[in-house]
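*Asks:* The structure that follows is given in the form of structure tokens.
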Amino acid sequence: MSNQSQLLPNAISNLFATTAKTGVITLADRYGLLTALTNDSLSGEEREAIDRMLHAVARGRFQLGTI
């Protein structure tokens, strides 16, 4: 029995917009990104948005929240 999680439509774009507004990627957001990356069904645009968020974290523009 497979237990594969499915993303909601526009989940990555909504996450990107929220993170850009708040400057924080929450723990729940990180689990969502993990699910998205392991799902192997991301579009090129979604993968690019995730790459941009990770780059922003590395540059200190986005912070990793604990909640």
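Nothing in this text is a laboratory measurement; each read-out follows from the coordinates by a stated rule. Computed from a predicted structure; not experimentally measured. All Cβ positions, even for glycine, are placed from backbone atoms using ideal geometry, and neighbour counts span all protein chains on display.
*Asks:* At R0 = 30 Å, how high is the FRET efficiency between Leu8 and Arg59 if r is their beta carbon distance? Nearest 0.05 is fine.
*Replies:* On the way: r = 28 Å, r/R0 = 0.93.
It comes to 0.60.
*Asks:* For the chain, what relative contact order do you get, as a whole percent, if you take Cα pairs closer than 8 Å and at least 6 residues apart? Could you put the intermediate results ahead of the total?
*Replies:* Numbers: 45 pairs, mean separation 31.7, N = 67.
Relative CO of the chain lands at 47 percent.
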